[in-house]
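The structure appears below as structure tokens.
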Amino acid sequence: MTESTTGPVLVVGLGNPGPEYERTRHNVGFLVADVLAERVGGRFAVHKKSGADLLQARLDGRQVLIAKPRSYMNLSGRPVAALARFFSVPPTEVIVVHDELDLPFGAVKLKRGGGEGGHNGLRSISSALTTKDYVRTRIGIGRPPGRQDPADFVLKPFSTPERKEVPVIVEQAADAVELLLRVGLETAQNQLH
């Protein structure tokens, strides 16, 4: 995020479509997008040219496009790139909100670029945008217990104790996105981390 940029910012919450995935760890990005939509009093509508649910709003003085791709997680890149092209949003002004195995449960961190850490949604977005130079709002879901396959773990619902904390964590992640929009990446990182 650059404070000098006046164009729109694209905030993408990652998840999988369909009721069977609603409460899974992989869908925490969708939950944050829903909170942001609620905060601006808007509703998502289908953006046919991209294949995403989209809400256009103003948030902290910036024009913001809040999106939830309607594709499965590992195919998120196509709708994200289509939205970025359609609204002329450079990759540096894209914020992807996603679950992160490599952070402890409940941690919220911001970063620009870097590897995908085995996250197929990020891999798809990096490929479609032809760069990794976008901002990530990473929401820690922790590592799977024992020898459970990470791919299986992310598609499971939160445990009962975790479920009680999820609403607070999602609000904190939405706060982090708003802070990022308000003060830029470096200042937001200094305040959060």
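The values are calculated or read from the model by the stated rules, or taken from the named source; none is laboratory data. Note that this is a predicted model, so its numbers are computed, not measured. Note that each Cβ is placed from the backbone with ideal geometry, even for glycine, and that neighbours are counted across all protein chains shown. Protein only, heavy atoms only, side chains kept; ligands, DNA and RNA dropped before computing areas. Shrake-Rupley method; radii C 1.70, N 1.55, O 1.52, S 1.80 Å.
Along the axis of the charge dipole computed for the chain (Cβ charges of +1 for Lys and Arg, -1 for Asp and Glu, origin at the Cα centre), the listed residues 90, 176, 192 are led at the positive end by 90. Probing with 1.4 Å while keeping every protein chain in the model, the per residue accessible area of the chain equals 46 Å².
If you count Lys pairs in the chain whose Cα atoms are under 17 Å apart, skipping same-chain pairs closer than 8 places in sequence, the total is 5. Axis of helix 28-40 versus longest Cα principal axis of the chain: the two differ by about 40°, to the nearest ten degrees.
Every Cα-Cα pair in the chain was counted, and those over 31 Å apart are 9% of them. Shown is the FRET efficiency for residue 74 and residue 148, computed with R0 = 22 Å from the Cβ-Cβ distance and rounded to the nearest 0.05: 0.70. Simple point charges give the picture: +1 on the Cβ of Lys and Arg, -1 on the Cβ of Asp and Glu, and for the chain a dipole about the Cα centre of about 400 debye. Summarising the strand pairing of the range 61-184, around 45 percent of its internal DSSP beta bridges are antiparallel.
Here the Karplus curve 6.51 cos²θ - 1.76 cosθ + 1.60, taken at θ = phi - 60°, turns the phi angles of the range 161-167 into couplings of x, 5, 4, 5, 8, 3, x Hz, with x standing for Gly and Pro. Can you pull out the trypsin sites (Lys or Arg not before Pro) in the range 92-160 that DSSP calls coil and that have at most 13 other Cβ atoms within 10 Å? Loop-located and lightly packed - 147.
The length gained on full extension between residue 45 and residue 63, counted as 0.36 nm times the residue separation minus their Cα-Cα distance, comes to 4.8 nm.
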